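Working notes, structure below.
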Ligand code: 5GP
Ligand code: ZN
């Protein structure tokens, strides 16, 4: 989608280093990390937010979870623990309206979040 930052990043137009890429998703480091490990798992196809998910997107979201598990192992946070978060809407803290999943770890995370 034109003018969508994460569509541009996923298309390789922003010179972003990917830590992982396949036909469905890209994974890269958050520009403003909130933990020692802070990755963004981003579907290549534009979906604005969780509210826009369709039943047929189930396989894609399942794939995101499989990649999160793989990245947690790769970044050595699988044992210590981590969090996978997707913010939705203003109250959820979403700032980029292309669905994405934050993978956070490497320190003890607070619950509930602020
Ligand atoms: P949200 O606030 O929508 O849940 O998450 C958006 C995330 O994207 C934020 O954590 C923000 O730091 C990150 N971000 C915004 N612009 C860029 C960028 O150009 N490059 C990277 N790597 N991350 C970005
Ligand atoms: Zn997009």
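First check a/c for segment 29-77, with a ≥ b ≥ c the square roots of the eigenvalues of its C-alpha gyration tensor; if it is under 1.5, answer rounded, and if not, answer prolate when a/b is larger than b/c or oblate otherwise. Oblate, because a/c is 1.5 or more while a/b does not exceed b/c. Stretched out straight at 0.36 nm per residue, the stretch from residue 86 to residue 34 would grow longer than its current Cα-Cα span by 17.3 nm.
When each of the peptides 16-22, 108-114, 68-74, 50-56 is scored by the mean number of other C-beta atoms lying within 10 Å of its residues, the order from highest to lowest reads 68-74, 16-22, 50-56, 108-114. Once the chain from residue 110 to residue 45 is taken as fully extended at 0.36 nm per residue, the excess over their C-alpha distance is 20.3 nm. Placing dummy labels 7 Å off each Cα toward the beta-carbon, the span from residue 61 to residue 5 is 2.4 nm.
Legend: Rg and Dmax of the chain, from Cα coordinates, 13.6, 40 Å.
Read-outs throughout are calculated quantities, based only on the coordinates presented, and are distinct from any laboratory measurement. Quantities reported herein were computed from a predicted structural model and do not represent experimental measurements. When we count neighbours, we look across all protein chains shown, and the Cβ atoms used for this are built from the backbone with ideal geometry, even at glycine.
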